[in-house]
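Here's the structure we're looking at; comments come further down.
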Amino acid sequence: MALRLEKVSISLAGRPLITPFSLAVAPGEIVTLMGASGSGKSTLLSFVAGDLESPFIASGGMSLDGVTFDGLPPDKRRIGRLFQDDLLFPHLTVAENLLFGMPRGPRAERLARVEAALAEAELPGFGERPPHTLSGGQRARVALMRALVAEPRAMLLDEPFNKLDAALRQTMRSFVFEHIAARRIPCLMVTHDAGDVPANGRRLLLSNAMVTDA
């Protein structure tokens, strides 16, 4: 499933933040957006996700496998997101966090998917644990699995490794990239760290309102 942006532009208070550009992200591909703070990287992700708010004004078309989705509300787009913070619900167990975003279905099947996700994250038996008892790396893995069990059609990563130490950062990069590639999910990632860019991955630079290959 390919993600396509067609002549997307964003302005703020009448000033161009991003001038019109087009982009195609192939299934399983991670395209990295880089640029100075305020260049519009996270704003672009918000537009794709459907939660861009005033005073930003955006235009352009977006589609997944040729089906336009830019007119849909955020909850209908099925686009997963990871941020700097894991944003796990503190009042829910690990299993309940995973169930939160999972599509409806027979309870037994959903619980089986939770167990499978925990096994995949190398956290078997952690379902009844509250999030605050997990390490930073464990919480990051649960956050990723919560996004994936929601069966997203595309993924947006907004500085997802920024708060991890160097050793854990490299581990989580590999974990996230491998899961996205295995599921063939098109992905846009924002980062300030060139080390986050996947090997042989495409990198785009946002500067002076322009989006160019870096």
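The values are calculated or read from the model by the stated rules, or taken from the named source; none is laboratory data. Keep in mind it's a predicted model, so treat the numbers as computed, not measured. Please note: Cβ atoms are built from the backbone with ideal geometry, for glycine as well, and neighbour counts cover all protein chains shown. Only protein heavy atoms, including side chains, enter the accessible area calculation; ligands, DNA and RNA are left aside. Shrake-Rupley method; radii C 1.70, N 1.55, O 1.52, S 1.80 Å.
A few comments on the model shown:
- Between Ala199, Ala143, Ala119, the residue with the greatest mean-square fluctuation in the GNM of the chain (Cα pairs under 10 Å linked by springs) is Ala199.
- Dipole of segment 27-104, positive direction: furthest Cα of Phe69, Leu44, Thr32, with charges on the beta-carbon: Phe69
- Averaging the Cα positions of each part gives two centres, and for segment 66-98 and segment 196-214 these lie 25 Å apart.
- In Hz, Karplus ³J(HN,Hα) per residue of segment 113-130 (6.51, -1.76, 1.60; θ = phi - 60°; x = Gly, Pro): 5, 4, 4, 5, 5, 5, 5, 5, 8, 6, 10, x, x, 8, x, 8, 6, x
- For segment 46-178, the share of accessible area belonging to carbon and sulfur comes to 54 percent (1.4 Å probe, ligands and nucleic acids excluded).
- Å² of accessible area per residue within segment 1-80, as computed with a 1.4 Å probe and no ligands counted: 47 Å²
- Residue of Gly201, Gly40, Gly28 that the Gaussian network model of the chain assigns the largest fluctuation, springs spanning Cα pairs under 10 Å: Gly201
- With the helix formula -39500 (n - 2.57) applied to DSSP H stretches of n ≥ 4, the chain reaches a computed 222 nm mean residue ellipticity of -9500 deg cm²/dmol.
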